[in-house]
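One structure is given below, encoded as structure tokens.
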Amino acid sequence: MKIPDGDLLRSRVVGDLGVTLATALERRLTGYAVVEPQDAVLLGDETRGVITFTEGVPVLAYCTTSDRGGADALEDVRGPGPYSVDLYELDRSALAAAHEADGLRVSPGLPAERLTDDRDLVTRTRDAAPEDRLGGDDTDAVESFLDDESQIEAIREQAREEARTRAEEWGLTDALEES
Amino acid sequence: MVEAFAVASGKGGTGKTTSTLALGMALAEDHDVTVVDADTGMANLLFHAGLNDATVTLHDLLVEGADATVDDAVYDRFGMRVVPCGTSLAAFQAADPERLRDVVATLAADADVLLLDSPAALGSKSAVLPVVLADRTVVVLQPTIPALSDGLKVQEYARSYGTETAGTLFNRVRDDGGIDRVIDRAERYFGGETLGVVPESDDARSARAAGEPLLAHAPDSPASRAFREAASRLSVRDGASGTVADRFRSAVVPDDV
């Protein structure tokens, strides 16, 4: 993967990559982060990962050491911390070529899901992501299913009735909750 | 104190046994945990816990006139007490589900947390008993229509018996789903909180092949971390073990299946 040099915004050591992801999100950063697990620095190992962002939302992840992308790259970079992180700003057009590499892409919330314990950050990232980056057809069908409250209520009502009928068959009526 | 959780899903293939053992191992860091394979018709926990060769199982305790004691069927594994169930159809047919309540009552005396790996079915008394007997359920879901629909059903069955939902666990979640939009909607219908989102993982399959719980086999995998986080969200309520044991013993369960 080749990414043109960007403008260095900040360079620091963080204990938790959630800080980096939250910073990128809050600044609506278009650019990339270069992440090096600090233990790798100490050991002279060169594990290094790159996560790119469009308007604060992660687009792709790549580990230069293992040459793996996507979820695998996140796994390669993940460690106990701390991490040395450089955050760069770069034009969206300069990132366009790299962003065509489908094999390196991550879903918007995946870096936060894999690299932090912060569910709230996952949710905020997904909320900030454009519609076309969230989910596919399957998700749409599941959402429609859950949006149909009368259908859900029908499933529940039928299950309640079935539970009561069968409780009688099985002699479990006394264990039923009064309703 | 003891609280009994039924780990349930209406549908097979959601990774319920993997989830039960993962939650059990994570909770065992702070609690005395006993895990019971209450899926007496389709037992598989023994394979996940390396207990293929267990000589005495739950089945032996459910047969009338059995001379095995509950202790004989308890195996200390991975920091938990594990009660596997055998896989013989004949033994299942000979088993008297009524005896499950006595077994669980006995196990309750020595545990903080009882996890009942429950059948992915609601069609028989033995399948429903774990959710009848438990204090609360953990509903294992996948973000698919069949899994959510069956999860709703098992929740209603459990609630019919006064067993509320402690929380839901989305398991085997693939990278590309809009899982948060699904969760936002699912939370309207399911009780408790969303305990966690566990990614689909090859590690779960290799753990099963190795006969080890996921948390022992691949403790640092994303799925293991997600399970540990889910377990930390599950607050165990204090219940006097005597009260729980009494409740199990007094549960009205006649002897015809």
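The values are calculated or read from the model by the stated rules, or taken from the named source; none is laboratory data. Since the structure is predicted, the reported quantities are computational estimates derived from the model, not experimental observations. Here the Cβ positions follow ideal geometry from the backbone for every residue, glycine too, while neighbour counts run over all protein chains shown. Side chains are part of the model used for accessible areas, which takes the heavy atoms of the whole protein and leaves out ligands, DNA and RNA. Shrake-Rupley method; radii C 1.70, N 1.55, O 1.52, S 1.80 Å.
Out of curiosity, is residue A:115 within 11 Å of chain B (Cβ to nearest Cβ), touching a residue at least 60 places away in the same chain (Cβ under 8 Å) and buried (at least 17 other Cβ atoms within 10 Å of the Cβ)? Taking the combined requirement at face value, the residue satisfies it.
When each of A:114, A:124, A:133, A:92 is tested for being of a type in the set (Lys, Arg) and in contact with a Ser or Thr (Cβ under 6 Å, 6 or more places away or on another chain), the lone residue that passes is A:92. Would you point out the residue of the range B:5-20, among those that are at pLDDT below 95 and open to solvent by less than 10 Å² (accessible area, probe 1.4 Å), that is farthest from the chain's Cα centre (by Cα)? Looking at residues that are at pLDDT below 95 and open to solvent by less than 10 Å² (accessible area, probe 1.4 Å), I get B:14. For the range B:133-147, a tally of residues being part of a helix (DSSP H, G or I), more than 18 Å from residue B:199 (Cβ to Cβ) and either open to solvent by less than 10 Å² (accessible area, probe 1.4 Å) or more than 9 Å from every other protein chain (Cβ to nearest Cβ) (or both) returns 2. Apart from one condition, residue B:195 fits all of (1) farther than 24 Å from residue A:130 by Cα; (2) facing chain A (nearest Cβ under 9 Å); (3) at pLDDT 95 or above; the exception is (2). For the range B:77-88, check the following and say yes or no: at least one residue is away from every other protein chain (no Cβ under 14 Å) and under 21 Å from residue A:145 (Cβ atoms). No: the range B:77-88 contains no residue that is away from every other protein chain (no Cβ under 14 Å) and under 21 Å from residue A:145 (Cβ atoms). Selection of the range B:166-192 for residues being in a helix (DSSP H, G or I) and either within 18 Å of residue B:235 (Cβ to Cβ) or within 7 Å of another protein chain (Cβ to nearest Cβ) (or both) yields B:180, B:181, B:182, B:185, B:186. Do you know which residues across the range A:142-178 are open to solvent by 50 Å² or more (accessible area, probe 1.4 Å) and facing chain B (nearest Cβ under 7 Å)? Those that are open to solvent by 50 Å² or more (accessible area, probe 1.4 Å) and facing chain B (nearest Cβ under 7 Å): A:147, A:160, A:164, A:174, A:177. Picking from residues in the range B:198-213 that are within 18 Å of residue B:141 (Cα to Cα) and in contact with a helix residue (DSSP H, G or I) (Cβ under 6 Å, 6 or more places away or on another chain), the one that is nearest to the other protein chains (Cβ to nearest Cβ) is B:199. Within the range B:148-165, being in a helix (DSSP H, G or I) and in contact with a strand residue (DSSP E or B) (Cβ under 8 Å, 6 or more places away or on another chain) holds for B:148, B:151, B:154, B:155, B:158, B:159. Checked against (1) over 16 Å from the mean Cα position of the chain (by Cα); (2) open to solvent by less than 80 Å² (accessible area, probe 1.4 Å); (3) at pLDDT below 85, residue A:133 passes all but a single condition, namely (1). Could we say that residue B:102 is closer than 17 Å to residue B:2 by Cα and either surrounded by fewer than 18 Cβ atoms within 10 Å (Cβ to Cβ) or acidic (Asp, Glu) (or both) here? The answer is yes for residue B:102. Only strands (runs of 3 or more DSSP E) whose full extent lies in the range A:46-93 are considered here, and the ones with at least 3 residues that are at pLDDT 90 or above, within 14 Å of another protein chain (Cβ to nearest Cβ) and at negative phi are A:57-63.
Of the residues making up the range B:21-40, those that are open to solvent by less than 40 Å² (accessible area, probe 1.4 Å) and not aliphatic (A, V, I, L, M) are B:24, B:34, B:37, B:39, B:40.
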